[in-house]
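The values are calculated or read from the model by the stated rules, or taken from the named source; none is laboratory data. Note that the coordinates shown come from a computational prediction; the quantities given were computed from them, not determined experimentally. Cβ: placed from backbone, ideal geometry, glycine included. Neighbour counts: every protein chain shown. Remember, those area values only see protein heavy atoms, side chains included, never the ligands or the DNA or RNA. Shrake-Rupley method; radii C 1.70, N 1.55, O 1.52, S 1.80 Å.
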Amino acid sequence: PFSGISREGDAHDREFLNGGTFWNEQIEMADGLYKLQSDLYRVLEVDQMSTTGIAWPTSANLFSVYECTKNAAMCCYVSDRQSSDLGGTCAGPGCFFAEPEDNTDICYVDMARDPYASRVKDGAAVYDKVTPDDEGIAEGKAHCHGFAWADGDINEKYKGNLLFQVAMKQNLYDKGYVQNVPGAPMCGCIEKMPVVSKAACTDVSVTEQWTASLTAGALSLNIDITDITYNDCGGQDLAQHYSVLLGGGSLASYVVGEGGCEQSTTEFLTEKYGITRSTLTIAETYGHPTQAAVSIIFNSEVAESALDIAKYT
């Protein structure tokens, strides 16, 4: 079972998937204390059992991955805690919340999608822009990586293995990527995660050996796994892979594509809160190190009186 990976219990696994626990929060020290790959040796042990199926977690306590309705799951990371590995900017022991490889823009989080991760019943966090010129850099570097399955296919059968690979092996153990986008789970069903522009993708191929035998008139069937291989979805990102896998299915409500954050965020704020976003341009600034003028996006409509900049000069 999935709980057999960490052997720390449901509470640990739930909080790990939400971006917490010592797996996410410890910092490697110069003397070797809290070295991730040493402390998380159990992840490597499980990975080396390459012919073992892992069941998808079924406990409602792990709400972020409980009863996925869209046939997809994703992890999004905002920090890197491990140096000398396969990714990120952590440069050595003691690095404090370095950044992962940037492969996406975070648009927004609807906190009602997973109140257990956000710790509030409802709310929103908007990350796409602070000024009109941000071009997706307002949230800093983030890395998202997911997988998908069709009903009855091999990816569904081994989706527990895919969750382990994406959440624990490929990103945590191999790269040191940790911690969630604030307000959302770190890993979860796609419908409970932040809305983003893009995500990397992993799929699985499995070789099974089926043996039929007849004993005392009774037919029995035995299935042995001889190999499990993880692939990059043929070079496709998560949204592309999902569309092919589900015969034209779309993740457009969750993975909006390059440049799609502004429109999706504006539509979300309008539909859920009745908010009209607007931009206030300040024609002159004093003390700013690089800009003589600046524009600020507000997540509410700016009153006409506030736009009369002359009255403030």
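Could you tell me which label, among (1) 52; (2) 55; (3) 70, carries the value of percent of Cα pairs over 26 Å apart calculated for this structure?
(1)
Rounded to the nearest 500, what is the chain's calculated 222 nm mean residue ellipticity when only DSSP H runs of at least 4 contribute -39500 (n - 2.57) each, over all residues?
When only DSSP H runs of four or more count, the value is -5000 deg cm²/dmol.
Could you tell me which of rounded, prolate or oblate describes segment 1-151, using a ≥ b ≥ c as the square roots of the eigenvalues of the alpha-carbon gyration tensor, with rounded for a/c under 1.5 and, failing that, prolate when a/b is larger than b/c and oblate otherwise?
The shape class here is oblate.
With a 10 Å radius around each residue's Cβ, average the other Cβ atoms per peptide and rank 2-8, 173-179, highest first. Provide the component values of the computation, followed by the final result.
Values: 2-8: 16.0, 173-179: 23.6.
Descending mean neighbour count gives 173-179, 2-8.
With a 1.4 Å probe and every protein chain kept in, tell me what percent of the accessible surface of segment 132-236 is carbon plus sulfur.
The value for segment 132-236 is 49 percent carbon and sulfur by accessible area.
Can you tell me the relative contact order of the chain? Whole percent, Cα pairs under 8 Å, sequence separation 6 or more.
19 percent
Enumerate the amide H contacts of D203 below 5 Å, restricted to partners 5 or more residues apart or on another chain; note that Pro and chain-start residues carry no placed amide H.
Close amide H contacts, sequence-distant or interchain: N231, D232, C233.
Can you compute 3J(HN,Hα) from phi for each residue in segment 196-203, using the Karplus curve 6.51 cos²θ - 1.76 cosθ + 1.60 with θ = phi - 60°, rounded to whole Hz and x for Gly and Pro?
Listing the rounded values in order: 9, 8, 6, 8, 5, 9, 10, 10 Hz.
In whole Hz, with x marking every Gly and Pro, tabulate ³J(HN,Hα) for segment 153-162 from phi via Karplus 6.51 cos²θ - 1.76 cosθ + 1.60, θ = phi - 60°.
With the stated coefficients, segment 153-162 comes to 8, 5, 5, 5, 4, 10, 5, x, 5, 5 Hz.
Using 23 Å as the Cα-Cα cut-off, could you pick out the over-long pairs in K175/K198; K121/K192; K121/K159?
Checking Cα-Cα distances, K121/K159 exceed 23 Å.
With contacts defined as alpha carbon pairs under 8 Å and 6 or more residues apart, what's the relative contact order of segment 63-116 in percent? Please list the in-between numbers first.
Numbers: 50 pairs, mean separation 14.7, N = 54.
The normalised contact order for segment 63-116 reaches 27 percent.
Ranked highest first by the average count of other Cβ atoms within 10 Å around their residues, in what order do 141-148, 118-125 fall?
Answer by packing, highest mean first, reads 141-148, 118-125.
Highest mean first, what order results for 221-229, 266-274 on Cβ atoms within 10 Å?
With the highest mean Cβ count within 10 Å placed first, the list reads 266-274, 221-229.
Taking amide hydrogens as modeled 1.01 Å from N in the peptide plane, which residues meet the under 5 Å criterion relative to T276, leaving out close sequence neighbours?
E301
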